[in-house]
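Have a look at the structure below, then the notes.
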Amino acid sequence: MAAETDHNTLLMACADGDHQALRAIYTLEGARLLGVVQRIVGDRATAEDLIHDAFVKIWQMAHTFDRERGSGKTWIFSIARHLALNHVRRRHREVTVDDETAERLEATNALAAAAEASDHFDWLGKGELDRCLAELDAERRNCLFHAYVDGYTHQEIATRLERPLGTVKAWIKRSLTALHECLT
Amino acid sequence: MSDNTMPRNAGDIDALAGEYVLGTLDIETRRDIEQRLPEEGALRAAVERWEKRLQPYTRLAEPIEPPAALWGRIEHTLAHASQDAVVRDTLSPPTGPTWLQALWQNLSLWRGLAVCGLAGMLTLGTLTALKPAQPAAPRFLVVLMTPQHSQAGWVVQASSPRDIELIPTGGFEVPPGKTLEFWTKADDWGGPVSLGLIEPGESRHLSLEHLPPLEENQLFELTLEDAGGSPLDHPTGPIQFIGRAVAL
């Protein structure tokens with residue numbers, strides 16, 4: 001894996017108009033970005049379109065990247081993730097889950113029923129937030145990761161975990177506060 | 001949360017930023033936050049903190065090797081983006097409507113847009129954003145293309161969410177006994193609404209007084225109907241040109 005400085009340097013080269021620098025970012029991160037976006041939108045053709053749009057945006061916005069305010073890698077992933085999130089949120093404006101999603105979630109639920117209240121994600125050992133995440137209940141961690149990784153809405157998480165919508169909303173809000181306090 | 005009041009206290013700003021980065025907010029709130037980020041330092045800093053904390057956990061998604069053709073598409077778009085930049089450079093000083101009219105009339109740009117689709121429109125949006133602020137600048141742009149995306153035929157320019165102008169960018173032959181009818185539909189409407197019959201080759205100014213304000217991603221299309229227009233409250237003929245609104 002490339003060091004942080006590589007991403008920063010490559011973004012600065014993009015800002016100077018170097019196509020090869022963008023190509024290098026694509027080679028380094030293309031597969032991981034496509035994985036992240038595909039997981040959120042659930043459709044391969046759409047995910048590839050969004051990766052196209054993300055790289056065009058990275059190219060056009062590279063001059064706005066400020067290494068003082070964060071890492072290039074984080075900036076790149078944010079662009080791709082938010083394009084994907086805006087896409088799914090625009091498509092599913094309604095709060096209710098459509099039949100197809102509900103069906104899919106129900107099937108997943110049946111499979112996962114026995115594993116309820118245990119972790120749905122192999123989250124440990126990924127980042128500095130580990131220590132604070134470990135202080136939350138498994139179910140609350142599941143809420144956070146179903147949102148962050150799967151791009152689920154509150155309603156989709158509630159359906160997936162078979163919990164009331166209000167409970168899920170409150171859990172997420174409180175978990176974020178707990179994480180924030182743990183870090184400060 | 002879909003109201004426009006943003007929290008002012010640090011804890012609430014942090015929670016809102018956290019939900020934005022997690023992705024649980026609805027589209028209206030997401031748009032609201034994205035518009036405020038450039039101006040609101042505290043909110044931006046909170047978002048950047050959450051992005052940094054959570055980014056390592058993107059590894060929970062399995063990587064997927066992109067198909068070989070994907071980089072080619074990106075490179076193709078970048079090549080056209082460079083041409084657009086040349087177009088921009090030849091039009092100095094930028095003078096609002098004239099600048100846009102020159103863009104409308106630039107055939108090679110339209111061919112590029114037709115090929116590049118959304119990415120092309122993003123580029124145009126970015127270029128327009130680079131102009132000095134002007135009070136009467138269009139707020140939405142729609143490029144109406146053939147369903148195969150091979151040719152751009154019309155452009156909708158909206159100077160406000162209630163006033164739109166339909167501008168032809170190329171010729172279109174209406175067969176005898178037929179007419180073009182203009183329709184629009186926002187994401188959450190039940191069906192399309194007719195905006196009337198359109199003469200090919202003529203610009204038309206339309207007021208959307210009786211409709212909700214124009215919104216991002218709103219669909220516009222021109223269908224070929226029998227003379228007099230569709231007898232029903234929805235299109236009955238084939239789509240000739242179609243596009244979605246992009247906020248500028």
Original post:
For the subset of the stretch B:79-97 comprising residues that are buried (at least 18 other Cβ atoms within 10 Å of the Cβ) and at pLDDT 60 or above, which member is nearest to the other protein chains (Cβ to nearest Cβ)?
Top reply: B:Ala81
Subject >> Qualifying residue in the stretch B:2-15 (condition: modelled with pLDDT of 90 or more and not in a helix (DSSP H, G or I)) >> reply: no
**OP:** Tell me the helices (runs of 4 or more DSSP H) entirely within the stretch A:1-64 that contain at least 3 residues that are in the same structural domain as A:Ser78 (by TED's automatic domain parsing) and under 20 Å from A:Val149 (Cα atoms).
**Re:** A:19-41, A:44-61
**OP:** Give the residues of the stretch B:30-76 that are surrounded by fewer than 14 Cβ atoms within 10 Å (Cβ to Cβ) and under 14 Å from A:Leu34 (Cβ atoms), sorted by residue number.
**Re:** B:Glu62, B:Glu65, B:Pro67, B:Ala68, B:Ala69
**OP:** Answer with yes or no whether A:Trp123 is modelled with pLDDT of 95 or more, at the interface with another protein chain (Cβ under 9 Å from one of its Cβ atoms) and either under 18 Å from A:Ile40 (Cβ atoms) or surrounded by 17 or more Cβ atoms within 10 Å (Cβ to Cβ) (or both).
**Re:** no
**OP:** Note down all Cβ pairs under 7 Å where the first residue falls in the stretch A:49-77 and is on the phi > 0 side of the Ramachandran plot, the second is part of a helix (DSSP H, G or I) and charged (D, E, K, R), and they're at least six residues apart or on different chains.
**Re:** A:Gly70/B:Glu48; A:Gly70/B:Glu51; A:Gly70/B:Lys52
Subject >> Of residues in the stretch B:178-192 being of a type outside the set (A, V, I, L, M) and under 21 Å from B:Glu28 (Cα atoms), the one surrounded by the fewest Cβ atoms within 10 Å (Cβ to Cβ) >> reply: B:Gly190
**OP:** May I ask you to list the residues in the stretch A:51-67 that are of a type outside the set (Phe, Trp, Tyr), at the interface with chain B (Cβ under 9 Å from one of its Cβ atoms) and more than 14 Å from B:Leu70 (Cβ to Cβ)?
**Re:** A:Lys57, A:Gln60, A:Met61
**OP:** Would you please list the contacts, defined by Cβ atoms under 6 Å and residues six or more apart or on different chains, that run from a residue in the stretch A:131-151 that is within 13 Å of chain B (Cβ to nearest Cβ) to a residue that is among the hydroxyl-bearing types (Ser, Thr, Tyr)?
**Re:** A:Arg140/A:Ser175; A:Leu144/A:Ser175; A:His146/A:Tyr152; A:Ala147/B:Thr24
Original post:
If you scan the stretch B:20-36, which residues turn out to be more than 7 Å from chain A (Cβ to nearest Cβ) and charged (D, E, K, R)?
Top reply: B:Glu28, B:Arg31, B:Asp32, B:Glu34, B:Arg36
**OP:** Kindly list, by first and then second residue, each pair from a residue in the stretch B:217-235 that is within 12 Å of B:Thr146 (Cα to Cα) and in the same structural domain as B:Pro192 (by TED's automatic domain parsing) to a residue that is acidic (Asp, Glu) and in a strand (DSSP E or B), limited to pairs with Cβ atoms under 6 Å and residues at least 6 apart or on different chains.
**Re:** B:Thr223/B:Glu181
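Just to be sure before I move on: is B:Gly171 outside the structural domain of B:Arg31 (by TED's automatic domain parsing), at pLDDT below 80 and closer than 21 Å to B:Ile27 by Cβ in the structure I sent?
No, not satisfied.
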Original post:
Any idea how many residues of the stretch A:159-169 are of a type in the set (A, V, I, L, M, F, W, C) and within 11 Å of chain B (Cβ to nearest Cβ)?
Top reply: 1
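The values are calculated or read from the model by the stated rules, or taken from the named source; none is laboratory data. Quantities reported herein were computed from a predicted structural model and do not represent experimental measurements. Cβ sites come from the backbone with ideal geometry, for glycine too, and all protein chains shown count toward neighbours.
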